[in-house]
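The values are calculated or read from the model by the stated rules, or taken from the named source; none is laboratory data. Here the structure is a predicted model, which is why all the values come from computation and not from measurement. FYI the Cβ positions are ideal-geometry reconstructions off the backbone, even for glycines, and counts take in every protein chain you see.
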Amino acid sequence: MSLNRLFWLISIALMLLFSALAVRIVVVEWGTYKRGAYSMDAMRTVQLGLVALEKVSFERGPSNACLGSGVSDPTASLVRLQRARSESDVALTGLLADLRQTPDLSSQTQRIVERTEQARRVLLSARQAVDRLCAMPLARRTSQEVTVAVDGMLAVVPLMVATLGDLSVIVTQADPELLDGLTGVRVAASLREYAGQVGSRFTAPLVAQRPLTQNEVIEIGKLYGRIEQLRTLMDTRLRGAQNNVQFKEALLVVDRMYFGDAIPFLDRLRQVGLNSGNYGMTTGALAEYYVPRMTPLLRLRDILMIEVTALAEARHRQAGKLLLGVLTMVALSFLFLFVLMYVVRKRVVGPVLFATKLVKQLGDGNLDVKIPPPRHPDEIGAMLQALKVLKHRSIERISLAREREELIAQLQTSSNTDFLTGALNRRAFFSYSEQQLAVAQRYQRNLTLILLDIDYFKQINDAHGHIAGDEVLRGVVKLVGRLLRKVDIFARYGGEEFILLLPEADLEQGIAVAEKLRLALAAQTVDLGDGQLIQVTASFGVAALAGDESLDHLISLADEALYDAKHRGRNCVVRATRMGASTFAPVSD
């Protein structure tokens with residue numbers, strides 16, 4: 001796998017891994033933020049539920065007053081009752097409307113709606129019972145009927161409390177951190193509700209001016225016990241709200257007005273109810289004295305609700321800031337990753353691939369490749385600088401190798417060439433001729449050897465000087481070289497004597513070649529360089545291969561023929577025979 005492909009595979013893998021982690025973190029924080037927003041909406045619904053519970057509970061006061069008043073009484077109590085009922089209806093309608101506005105009405109929300117609808121139906125039924133009794137003369141209202149009417153009003157409370165509990169569960173599911181605060185709110189609301197129920201339990205005895213029944217005593221005792229438990233929970237809640245001054249002050253007011261005044265007042269009524277039943281007051285008087293002393297309980301509930309709402313808003317804002325921070329960090333991380341990949345690709349992978357390409361081209365012998373100067377003083381720059389040095393050294397090495405080869409060729413040429421004439425020397429002639437002789441003998445091919453000697457060469461040196469003699473030798477070589485084939489081997493044998501080997505030529509062909517050379521030499525004049533022209537002739541001895549004789553034997557035969565040509569007057573060609581050259585006449589004189 002190429003480095004470039006490996007880089008992109010690793011980059012894609014890292015990008016996918018980082019994207020998965022980033023998406024996971026964003027999804028978690030987005031869920032926290034959405035739950036915070038949902039908890040805010042749920043807190044608003046809880047507040048509507050508290051208001052609905054408060055209004056329904058408050059409605060019992062005017063109802064109880066109406067049950068204990070005669071039809072000839074002023075209509076002020078009825079006005080208060082209608083106003084309380086109107087407030088209850090508005091609160092319940094608002095709660096139901098808010099519940100039904102939920103985008104995705106879950107089964108849990110649907111149950112809350114159904115229970116609230118049931119509470120409204122129970123409330124309407126209880127109102128009918130109250131209205132029926134209030135329309136009757138006070139003397140005709142039996143204690144049993146009043147108790148049933150009061151119980152009807154009280155029957156709404158468990159349904160509303162259950163609704164409030166389900167709403168609280170929704171809030172704590174969205175944000176568990178709100179559990180403690182919401183528990184304090186529910187404790188304060190329950191304390192107000194149980195306080196109202198205690199007062200309602202005296203309605204029937206006050207209307208009939210009779211002692212408390214055993215069941216009423218037991219029920220009032222239970223309510224007292226629950227109120228004391230809730231008060232203890234308030235103390236526990238106080239330990240978690242040491243810095244909330246309003247909560248402390250409200251709790252002191254509750255202790256003073258309700259537990260200091262209202263509870264002792266109820267205790268006195270209970271003592272009367274246990275004895276004579278002569279209470280000396282009506283249900284309206286009870287409500288007028290008792291209900292205002294329960295108001296601090298609502299103040300306590302509202303303070304706790306404000307605290308929980310503030311906590312929910314703060315956590316929602318914190319979740320929003322955290323989500324924004326996570327998104328920012330993810331964006332910056334992606335940007336950093338892209339920049340890192342770009343830098344690695346630009347500063348490391350790209351230069352390494354480019355340097356690898358340069359090394360490959362240099363390895364292939366392409367020394368014309370251009371190596372750019374390094375852009376940065378880093379390891380890649382050092383590698384490019386090293387490649388430049390390697391290129392220069394390779395060029396120098398190749399240049400030296402070429403010079404060495406040329407020198408070797410020159411030395412080889414010098415060792416095989418006669419320095420004066422440029423023809424092959426005697427050593428080179430024997431080297432090449434031995435090969436041709438071996439080929440001719442192996443494949444039974446013709447081979448002819450010619451020796452030629454320049455006539456009267458000593459007289460030329462004596463008369464014209466050695467320089468002129470050298471010109472004669474070079475002129476003879478030049479002429480003979482033009483008349484020979486490429487396969488013919490021509491060399492200076494020594495002094496003014498030359499030797500010629502003709503592959504694929506028999507004796508007759510060799511004699512013809514020798515005669516052509518003799519005539520050409522005789523017809524040519526040599527310029528001695530000073531304007532003097534001299535005519536040169538040569539004598540030839542020709543011998544042909546006839547068997548397995550050696551090159552020396554052929555030369556010996558040709559030399560004998562040449563010697564005979566000299567004795568026959570020179571400027572002639574003489575063929576050699578196995579019996580000696582002198583037995584043959586020259587081809588020409």
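Among the residues of the range 438-463, which ones are more than 20 Å from GLY494 (Cα to Cα) and either without any contact (Cβ under 8 Å) to a residue 40 or more places away in the chain or part of a helix (DSSP H, G or I) (or both)? Full working, then the answer.
Here is the first cut: in the range 438-463, the ones more than 20 Å from GLY494 (Cα to Cα) are 438-447, 463.
The answer is ALA438, VAL439, ALA440, GLN441, ARG442, TYR443, GLN444, ALA463.
Each row is one residue, and each column tells you yes or no for (1) part of a helix (DSSP H, G or I); (2) surrounded by 13 or more Cβ atoms within 10 Å (Cβ to Cβ).
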| site | (1), (2) |
| --- | --- |
| ASP368 | no, no |
| PRO374 | no, yes |
| LEU384 | yes, yes |
| ARG393 | yes, no |
| GLN436 | yes, yes |
Query raised in the report: Can you tell which of LEU501, LEU479, LEU447, LEU451 is surrounded by 14 or more Cβ atoms within 10 Å (Cβ to Cβ) and in contact with a Pro (Cβ under 9 Å, 6 or more places away or on another chain)?
Result: LEU447
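Mind telling me which of the residues VAL130, VAL169, VAL156 ends up being assigned by TED's automatic domain parsing to the domain that holds PHE58 and surrounded by fewer than 19 Cβ atoms within 10 Å (Cβ to Cβ)? Break it down into steps so the answer makes sense when it comes.
On the way: VAL130 fails: surrounded by fewer than 19 Cβ atoms within 10 Å (Cβ to Cβ); VAL156 fails: surrounded by fewer than 19 Cβ atoms within 10 Å (Cβ to Cβ).
Residue meeting the stated conditions: VAL169.
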Query - Lone qualifier among GLU193, GLU177 - being in a helix (DSSP H, G or I) and crowded, with 21+ Cβ neighbours inside 10 Å - result: GLU193
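Regarding ARG474, is this residue at negative phi, at pLDDT below 95, out of contact with any helix residue (DSSP H, G or I) (no Cβ under 9 Å at 6 or more places or on another chain) and assigned to a helix (DSSP H, G or I)? I'd like the intermediate steps shown before the answer.
Values: at negative phi: yes; at pLDDT below 95: yes; out of contact with any helix residue (DSSP H, G or I) (no Cβ under 9 Å at 6 or more places or on another chain): yes; assigned to a helix (DSSP H, G or I): yes.
Yes.
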Query raised in the report: Could you say which residue among LEU286, LEU251, LEU269, LEU274 is assigned by TED's automatic domain parsing to the domain that holds ASP41, within 60 Å of the chain's Cα centre (by Cα) and touching a residue at least 40 places away in the same chain (Cβ under 8 Å)?
Result: LEU251
Requested in this report: Answer yes if at least one residue in the range 361-370 is under 30 Å from TRP30 (Cβ atoms) and either basic (Lys, Arg) or free of Cβ contacts under 8 Å to residues at least 60 places away in the same chain (or both), and no otherwise.
Outcome: no
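Okay, residues lined up against (1) among the charged types (D, E, K, R); (2) in a helix (DSSP H, G or I); (3) farther than 22 Å from ASP453 by Cβ; (4) within 60 Å of the chain's Cα centre (by Cα):
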residue: ILE511; (1), (2), (3), (4): no, yes, no, no
residue: LEU519; (1), (2), (3), (4): no, yes, no, no
residue: ALA522; (1), (2), (3), (4): no, yes, no, no
residue: GLY529; (1), (2), (3), (4): no, no, yes, no
residue: ALA543; (1), (2), (3), (4): no, no, no, no
residue: GLY547; (1), (2), (3), (4): no, no, yes, no
residue: ASP552; (1), (2), (3), (4): yes, yes, no, no
Query raised in the report: Is one or more of the residues making up the range 91-103 part of a helix (DSSP H, G or I) and polar (S, T, N, Q)?
Result: yes
**Report entry** Among the candidates ARG44, ARG83, ARG100, residue that is at pLDDT 85 or above, within 30 Å of GLU288 (Cα to Cα), among the charged types (D, E, K, R) and assigned by TED's automatic domain parsing to the domain that holds ARG201
**Finding:** ARG83
